[in-house]
1. Just to be sure before I move on: is Ala234 closer than 30 Å to Ile8 by Cα and open to solvent by less than 40 Å² (accessible area, probe 1.4 Å) in the structure I sent?
2. Pick from the stretch 182-208 the residues that are of a type in the set (Ser, Thr, Tyr) and within 11 Å of the ligand (Cβ to nearest atom): which of them is surrounded by the fewest Cβ atoms within 10 Å (Cβ to Cβ)?
3. Just checking, which of Ala127, Ala82, Ala76 is within 14 Å of the ligand (Cβ to nearest atom), over 16 Å from the mean Cα position of the chain (by Cα) and small (Gly, Ala, Ser)?
4. Looking at the stretch 234-283, which of its residues are under 21 Å from Glu369 (Cβ atoms) and hydrophobic (A, V, I, L, M, F, W, C)?
5. Take Thr250 and tell me if it is within 16 Å of the ligand (Cβ to nearest atom) and among the β-branched types (Val, Ile, Thr).
6. Please verify whether Lys289 is under 22 Å from the mean Cα position of the chain (by Cα), open to solvent by 20 Å² or more (accessible area, probe 1.4 Å), more than 23 Å from Glu69 (Cβ to Cβ) and of a type in the set (D, E, K, R), treating the condition exactly as stated.
7. Output the number of residues of the stretch 317-354 satisfying the condition of being away from the ligand (no atom under 15 Å from the Cβ), of a type in the set (A, V, I, L, M, F, W, C) and closer than 24 Å to Asn112 by Cα.
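The values are calculated or read from the model by the stated rules, or taken from the named source; none is laboratory data. A quick note: this is a predicted structure, and the numbers were derived from the prediction, not measured. Cβ atoms come from the backbone with ideal geometry, glycine included; neighbour counts cover every protein chain shown. Ligands, DNA and RNA are stripped out before the accessible areas are found, and what is left, the full protein with its side chains, is counted by its heavy atoms. Shrake-Rupley method; radii C 1.70, N 1.55, O 1.52, S 1.80 Å.
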Amino acid sequence: MQLSTRLIHNDHDTDPSSGALGVPLIQTSTFDQSACFADPADGRVPRYDYARSGNPTRSALEEIIAGLEGGECGYAFGSGIAAVSSALGIFSAGDHIVAAEDIYGGSYRILNTFFKRWGLELTAADASRPEQIRAAIKPNTRAVYLETPSNPLLKITDLKACIAVAKEAGLLSIVDNTFMTPYLQRPIEFGADIVLHSATKFLGGHSDVISGLAVTATKELGKRLYAVQNGFGAVPGPWDVWLVIRGIKTLKVRLDAQQAAAQFLSRRLREHPHVDAVYYPGLEDHPGKAVHDAQASGAGAVFSFKTKTVEQALGFLRRTKLAAAAVSLGGVETIASYPVRMSHASIPRPERERLGITDTLIRISPGLEDPEDLLEDFEQALA
Ligand SMILES: *Cc1c(COP(=O)(O)O)cnc(C)c1O
């Protein structure tokens, strides 16, 4: 079955105990284990004992995301960053990670502060050039950490090529797939070992929940990650999990519409006299387009642009009526974010400038408004 069908029909489309079309929201901290004691000869071990270790609502989401990504095991977390941190928690002091240099700002920060203090070494490399990844590998390197398209400049990483470099050196590949979702890109098909998501974005899709997910390609890695999920305990509550399960059901229609809007707006903004550059892998002249098209089935629904002056960028954020000036992306409402003061504020200015994250840069995540209305609003905001 196509992925769009599997968003609706999977092992969790009907609750076997009630026939409900949906997953029951099981709000509990603990589970009755008396069955273990009733008849020792019976030896039954209930699947659930304590809700940090597992909860049926959470298990449903974990199985759904594992199925969609084509992995063996799924894990849900209290945020995308909790998923990132828990995945990094499988490593030890003295291990070294090679990460793409333009990964999500919060991931960069946690690697560069918390994990550095705990002895995990980091080298940031330009992952759009796989040879740079190879050059950064050291004897104690354990993993390559990738994200494509990157944020906020939508640079493309060749997943196959970079994962091949990692495999050659016996390293794990970890891919943050938040921007694409499994509907458009499935890194495990290219050999990735762990796929991460901020489910806060497209998977949840309604700007109403903070959540994270991880999928492992193998059961063995799943065991290692489960030990961190259970031991470190950055788990989500069942209500948040339930919202993500519901969001996933409409992923295809939302992303199709938002992608069409991104395609339309990026083309039209490029012609605007106050716009200096537009970054979107759906544009014919995007430098990574061929690589992106080979590994994803769509350009996604996030783009960014640079105005010619800082005043124009700030004026746009001040005057737009339809876009919320906010962090985050992938919701049903359009969001315009200003990376230098929001998602990338924690990256030192010289480093930001080197990466091209200037104070004229605005990132757009179109929502489900009419694209013509959005264009009209953007044009008045830029004027
Ligand atoms: C938002 C985001 C994260 C962090 O997720 P939270 O849910 O905000 O903790 C990680 N990676 C990417 C690519 C993101 O966009």
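1. It is true that Ala234 is closer than 30 Å to Ile8 by Cα and open to solvent by less than 40 Å² (accessible area, probe 1.4 Å).
2. Thr200
3. Ala127
4. Correct list: Leu251, Val253, Leu255, Ala257, Ala260, Ala261, Ala262, Phe264, Leu265, Leu269, Val275, Val278.
5. Spelling it out, it is not the case that Thr250 is within 16 Å of the ligand (Cβ to nearest atom) and among the β-branched types (Val, Ile, Thr).
6. yes
7. 1
This table checks each residue for (1) free of Cβ contacts under 8 Å to residues at least 40 places away in the same chain; (2) open to solvent by 70 Å² or more (accessible area, probe 1.4 Å); (3) more than 22 Å from Ser198 (Cβ to Cβ); (4) touching a Cys at 6+ places or on another chain (Cβ under 6 Å).
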position	(1), (2), (3), (4)
Ser343	no, no, no, no
Pro348	yes, yes, yes, no
Leu368	no, yes, no, no
Leu374	no, no, yes, no
